[in-house]
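A short reminder: the numbers here are calculations on the coordinates, not readings from a lab. Fair warning: this is a prediction, and the values are worked out from it, not measured in the lab. Glycine also receives a Cβ, built like all others from the backbone with ideal geometry; neighbour counts cover every protein chain displayed.
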Amino acid sequence: MCCKVMRIPELAKEPNLWCMHCVRGQGCERYETRPGSCREFQCMYTTSPTLTPAWKPSECKFVMQWEPGGGGRLSIHVDTQRPDAWKKEPFLSTFHQWAADGVAQNMQVCVFVGRRVYVVMPDRMVDLGEVGPDEVIMTRATQTPRGLVLEPFKVSKDDPRARAAMDAQAAHGTP
């Protein structure tokens with residue numbers, strides 16, 4: 001599934017198109033000489049021993065990737081031919097739980113269905129619409145009488161808020 005839903009810059013392969021080197025049902029035909037982005041990619045299904053076979057990308061129709069930096073982000077890349085696959089159980093309730101567990105660290109749980117992005121919050125999902133390559137996803141935290149309210153939003157990479165966040169990540173040695 002990663003050979004389909006992920007972008008491979010070295011091959012100019014866009015998301016949601018099968019890689020020209022993927023032999024479906026077998027894997028990469030040039031695995032030993034695969035591009036750097038493929039070598040560096042770590043599918044959460046293969047790195048998390050707690051995930052059951054239901055979470056195998058070929059079964060659930062999405063690929064999960066942990067992206068460190070700031071509070072971190074769990075990116076869920078969904079097969080556009082199964083755009084609602086991530087909303088099924090046990091997936092959706094688990095995503096909400098992971099979002100709740102990550103609030104203190106400012107972690108994001110983002111679902112990518114093509115260019116459309118949903119941010120999973122502890123209590124809801126926020127549809128940000130299409131997010132372009134020149135935009136970043138941020139979360140605003142506001143303390144209210146009812147507690148902390150988190151609101152995700154998108155801004156241009158050139159926005160001062162985005163630049164400040166990227167500078168803070170660089171200062172802490174995170175990408």
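Points to keep in mind about this one:
- Summed over qualifying helices (DSSP H, 4 residues or more, each -39500 (n - 2.57)) and divided by its residue number, the chain shows a 222 nm mean residue ellipticity of -5500 deg cm²/dmol.
- Each other residue within a Cβ distance under 14 Å of Thr94 adds +1 if Lys or Arg and -1 if Asp or Glu, for a net charge of 0.
- Semi-axis lengths, Å, region 1-41, gyration tensor of Cα atoms, sqrt of 5 times eigenvalues: 13, 13, 8
- Between Asn16 and Val5, Met6, the built amide H atoms are under 5 Å apart, and every one of these is 5 or more places off in sequence or on another chain.
- Beta bridges by DSSP in region 42-171, antiparallel share as percent, to the nearest 5: 80
- Positive minus negative residues near Thr52 (Lys, Arg vs Asp, Glu; Cβ under 13 Å): -1
- Fewest-first sequence of Asp134, Asp79 by Cβ atoms within 10 Å of each Cβ: Asp134, Asp79
- Electrostatic dipole magnitude of region 1-41 [Cβ: Lys, Arg +1; Asp, Glu -1; Cα centre; debye, to 20]: 100
- Where the Cα pairs of region 1-90 fall when distances are cut into 10 Å bins, in %: 16, 49, 31, 4
- Long-range HN-HN contacts of Arg73 with modeled amide H, under 5 Å: Glu67, Gln108
- As computed over the chain, the Cα convex hull volume per residue (Å³): 136
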